[in-house]
Amino acid sequence: MDLDKLIAIDIHTHAEVSCWNPFDNYGEEYDRAADKYFKNGKRPTIAETVAYYRERDIGLVMFTVDAEAKLGRRRIPNEEIAQAARDNADMMICFASIDPHKGKMGAREARRLIEEEGVKGFKFHPTVQDFLPYDRMAWPIYDVIAEYKLPAIFHSGHSGIGSGMRCGGGLKVANSNPMLLEEVAIDWPDIEIVIAHPSWPWQDEALSLALHKPNIWIDLSGWSPKYFPQQLVQYANSLLKDRMLFGSDYPLISPERWMKDFDEAGFKPEVKPLIFKDNAARLLRLR
């Protein structure tokens, strides 16, 4: 990434539409429920998302969510996102997503994606992928991530995916309690763990975990900052200012809206450059 030309780094953006795979409408009811919950039915291609961020001089980390075992839905290829990142290396980084149910085969894929595709981190979603973060089936993948000392983002808190569906679409919000990451942080200290979102209804648990474990970070994606819990703003302004990260959850929330609301949410001026870019640059080892 060309840090000098970027005003910020968005650590949390989603690949929504594959141009490599044919459209898979299996499980589309999850999309419709999410559209209703987020009041946003936007589904840009990877290229459209990259162009959108380039126009605004914002760097981005992009990933998909591989939940093939639980949802039965074909994932967007990690390789497609990695190719886009190589083609836009001045402002884009690819994180991969591998369904933890793939175990050792998933670990083999993780190693190949790192060595051959240039993947710089990983994304997990315990609710949608239907696993507990410390489940043994995920250990082989964690071992590879730790070997290369790469970061991993874990969804935390309530899930808009499944919200409003009959029995929540069978998805378990409890899988995304951030305290379930404690054992991962202890046993794989070389993985920089990013707790995604404000973690509601477990915001205090996330803050406590980040205060206690120096390899845990928090990304501020998924919510407009004007709705952040007061204690999240308090710790972002003080004890955790060096481990808070700007993330939008695009396309669910636009970076413009997030940045505008950030300026009105009570953050101190001196923490803005840290949250917008400097902390992410350190996490991603760009400096």
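Within the range 263-287, which residues are hydrophobic (A, V, I, L, M, F, W, C) and either touching a residue at least 40 places away in the same chain (Cβ under 8 Å) or within 13 Å of Trp217 (Cβ to Cβ) (or both)?
First, the residues of the range 263-287 that are hydrophobic (A, V, I, L, M, F, W, C): 265, 267, 271, 274-276, 280-281, 283-284, 286.
Listed by number, the residues that qualify are Ala265, Phe267, Leu274, Ile275, Phe276, Ala280, Ala281, Leu283, Leu284, Leu286.
Output the residue which, of all residues in the range 5-22 that are out of contact with any Gly (no Cβ under 8 Å at 6 or more places or on another chain) and of a type in the set (D, E, K, R), is modelled with the highest pLDDT.
Lys5
Check the range 202-209 and report whether any residue there is of a type in the set (A, V, I, L, M, F, W, C) and either surrounded by 23 or more Cβ atoms within 10 Å (Cβ to Cβ) or under 19 Å from Gly266 (Cα atoms) (or both).
yes
When residues of the range 209-219 are filtered for being of a type in the set (Gly, Ala, Ser) and either assigned to a loop (DSSP other than H, G, I, E, B) or without any contact (Cβ under 8 Å) to a residue 12 or more places away in the chain (or both), how many remain?
Summing the residues that are of a type in the set (Gly, Ala, Ser) and either assigned to a loop (DSSP other than H, G, I, E, B) or without any contact (Cβ under 8 Å) to a residue 12 or more places away in the chain (or both) in the range 209-219 gives 0.
For residues that are under 13 Å from Ala8 (Cβ atoms) and touching a Phe, Trp or Tyr at 6+ places or on another chain (Cβ under 9 Å), tally how many sit in the range 245-277.
The total comes to 14.
Of all residues in the range 45-56, which are within 11 Å of Ser254 (Cβ to Cβ) and over 17 Å from the mean Cα position of the chain (by Cα)?
Tyr52, Arg56 - these are the residues of the range 45-56 that are within 11 Å of Ser254 (Cβ to Cβ) and over 17 Å from the mean Cα position of the chain (by Cα).
Return the residue satisfying two criteria in turn: it lies in the range 167-192 and is free of Cβ contacts under 8 Å to residues at least 60 places away in the same chain and in a loop (DSSP other than H, G, I, E, B), and of such residues it is farthest from Ile218 (Cα to Cα).
By that ranking, first place goes to Lys172.
Within the bounds of the range 48-55, is there any residue that is over 18 Å from His125 (Cα atoms), part of a helix (DSSP H, G or I), of a type in the set (Gly, Ala, Ser) and in contact with a Gly (Cβ under 7 Å, 6 or more places away or on another chain)?
no
Cβ-Cβ distance below 6 Å, separation of 6 or more or different chains: which pairs start in the range 55-69 with a residue that is touching a residue at least 12 places away in the same chain (Cβ under 8 Å) and end on one that is of a type in the set (Asp, Glu) and assigned to a strand (DSSP E or B)?
Ile58/Asp10; Leu60/Asp10
The values are calculated or read from the model by the stated rules, or taken from the named source; none is laboratory data. Keep in mind it's a predicted model, so treat the numbers as computed, not measured. Here Cβ is always computed from backbone atoms with ideal geometry, including for glycine, and neighbour counts include all displayed protein chains.
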